[in-house]
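The values are calculated or read from the model by the stated rules, or taken from the named source; none is laboratory data. What you see is a predicted model, and the numbers here were worked out from it, not measured in a lab. Cβ: placed from backbone, ideal geometry, glycine included. Neighbour counts: every protein chain shown. Surface accessibility is based on the protein's heavy atoms, side chains included, excluding ligands, DNA and RNA. Shrake-Rupley method; radii C 1.70, N 1.55, O 1.52, S 1.80 Å.
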Amino acid sequence: PLDRYAARERLGLPARARLVGTAGAICADRGIADLFTAFERLARNDHDLWLVHAGPHDTTPAQYRHPRIIDLGILPHEAVPHLFSALDVAVVCNLDSPFGRYCFPQKLYEIIACGTPLVAAAVGDVARLLQTNLQCLYPPGDDLALAERIAHQLDRPTPVAVAAPTWAQQAERLEAFFQAIRARSNFGD
């Protein structure tokens, strides 16, 4: 976790606004339109709310013209923790699709490690990991439910009570996985 206001200053974001956002593929096939639509719904009554996104994108963002949407473009990896720390609520969008059920968005662990409240699509491993944090989940494709979950997190911020593994822990798990495969397959030394 980084200081919220220092992170906002570094990225040129409004210091005192309420920021909702995401990083990653900003594409229709990831369900990103849900976030833009949910933001527009909330922004009608919350003039202090801004949407921030970073990453490669298709034409979806161009369909949403709002003066409080900020596109940071593609950030260097070392700047992503600054974005997640700058946000009041981070969002992980995905569709209930073969990709959505199979993938595990690493940004979920990055957001958790930054201590930022989040809302994520209830699909695949994300739904399993956050099953005890129902206030953080929304049905994929349901922008109204997403808006409600974002509003809840803005009003009563609740960071996820899940431990994000370190890179060293992930490497140990991967090594154990490969060792188990090696042992079962009787590969010689």
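The table for this structure:
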{"quantity": "Residue in the stretch 138-150 that is closer than 19 Å to Gly24 by Cβ, modelled with pLDDT under 95 and open to solvent by 20 Å² or more (accessible area, probe 1.4 Å) present", "calculated": "no"}
{"quantity": "Number of positions in the stretch 34-48 that are under 17 Å from the mean Cα position of the chain (by Cα) and either open to solvent by 30 Å² or more (accessible area, probe 1.4 Å) or closer than 18 Å to Leu83 by Cα (or both)", "calculated": "4"}
{"quantity": "Those residues of the stretch 63-83 which are within 12 Å of Leu13 (Cα to Cα) and either of a type in the set (Phe, Trp, Tyr) or not in a loop (DSSP other than H, G, I, E, B) (or both), in sequence order", "calculated": "Ile69, Ile70, Asp71, His82, Leu83"}
{"quantity": "Residue in the stretch 83-98 that is among the polar types (S, T, N, Q), open to solvent by 10 Å² or more (accessible area, probe 1.4 Å) and more than 13 Å from the chain's Cα centre (by Cα) present", "calculated": "yes"}
{"quantity": "Among residues of the stretch 116-129, those that are part of a loop (DSSP other than H, G, I, E, B) and at pLDDT below 95, counted", "calculated": "0"}
{"quantity": "Ala54 being more than 22 Å from Ala147 (Cα to Cα), in contact (Cβ under 8 Å) with a residue 24 or more places away in the chain and open to solvent by less than 10 Å² (accessible area, probe 1.4 Å)", "calculated": "no"}
{"quantity": "Index of the failed condition, Gly12 passing every other in (1) of a type outside the set (Val, Ile, Thr); (2) touching a Leu at 6+ places or on another chain (Cβ under 7 Å); (3) surrounded by fewer than 19 Cβ atoms within 10 Å (Cβ to Cβ)", "calculated": "(2)"}
